[in-house]
Amino acid sequence: MTMVRIGIRNLWRSKLRLVLVAALIGTPFFLLLVMQSIGDAVQRQTEILKHNVNNTLQLRARGSMGHVNMVGNEDILPQDALAKVKGVEHVAKVEPYLLAMTPTEGHNFAMVVGVAPGDTRRLESHGEAGNPKILAGRDLTDADRGKPVAIVGQGVAKWAGIKPEALGRAALTLDLKHTHPVIFALDRAPVTFTVVGIYASGYVFGDMQLFTPLDTFREVYGVPEGISWLYVRADSADNLPAVERQLRAMLGDIADIISPTTVAEFQATATAAVQRLANGGTVLSAVLMVLVVYFVMLLVVRERAREIGTLKAIGASDAGIVASFLTEAVLLCAVGAIAGALLFALWGGALAQLVFGLGVGPFLPAQYGSLATTLSLAPRFDPSTLAVLVVASVVAALGGSAWGIRQIIRLSPMEAMRNE
């Protein structure tokens, strides 16, 4: 214990050197924390995708788009498919939709979607891009079930001349007998919807949709049962393949099942690329720490050669002297770790964003170029971060001190005096 106390006291022998070494060691510790935060953020993003976005399958009648008035694509799924799908293991939620088409101008058309209030408002051809932003008015609610109310995309609103200030009073009438090259007429009375909201999707065609409660759609289009689309959400992307296998075995003869690929693509590209670069940055940080400790401890051994020789001459063991120097090295790394952590706490989020944008972003596929602006790269300190700092301090101290320790063990009192 005496030699350990000497090591602790030696840490303060040169305050200027302590400050300089803390700054030198703190820099790679800061880099380590930055790379760890980037890797963790991307991993969290992947987990979010796994549990919330691409853990979903789309089912529709085999060989059909499932639009109730589209020429050659009017076949829909039987109603009992809903109950069957809900009974499949690892299915967290099932969302049924009904779709129809309505002519607008020329050869253009808009999509009418029946959806249960509270379910995801999915866009035709962009089913993964659900719940577009409400620009004005409100969304559908449970109180709207069975009522002729709707929310429309801003494209439909522009076509129909509906202004935001008129929402709640604005009416949109659909003539179900109106035909189109791909739409056949339905012998049903026109229906007038009260428009209560306008949304923006980010897609030109996505903005040409009208959402109305599913019960309302059934009454308007005369579809008492059946489903155009079933979106089946698994409890995790990890369980999605098993859910898909069960659905294909159960409904494969009547349904087309469309599987998502974005999570797999994200894991194979963005996540893998960032993790490789983060691991590379971590290794670089560790190497820098070891190099700093190596040169500092080598300097210390040479500077204290006479002191080491004297200690050996009065009976101090090699193990004791090594323990003293290792204590000093570990404490130096600990001080550097604290300095790096403080720097990270103050500027870690902004600098991590900058490092990601400049150092990681260019290596990602183009479709993930905006990832740097969407990830949460704020500094986080938790038990795992503390463990990383402690382990890194000990490893850097041992690795950097190895050559100095060898010199200590080989140094004899006579050599120390002669060199002096």
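Taking N as the number of residues in region 55-260, what is its Cα Rg relative to 2.2 N^0.38 Å? Please report the intermediate quantities before stating the final value.
Numbers: Rg = 16.7 Å, N = 206, 2.2 N^0.38 = 16.7 Å.
Taking the Cα Rg and dividing by 2.2 N^0.38 Å, one obtains 1.00.
Set the Förster distance to 56 Å, then compute FRET efficiency between Arg17 and Arg248 from the Cβ-Cβ distance, nearest 0.05. Calculated transfer efficiency: 0.25.
Sum up the charges of everything whose Cβ sits under 15 Å from the Cβ of Asp215, counting Lys and Arg as +1 and Asp and Glu as -1, but leave Asp215 out. Net charge around Asp215: -3.
Every read-out reported here was derived from the displayed coordinates using simple, explicitly stated rules and does not represent laboratory data. Computed from a prediction, not measured in an experiment: that's the story for all the values here. Heads up, the Cβs are rebuilt from the backbone with ideal geometry, glycines too, and the neighbour counts pull from every protein chain shown.
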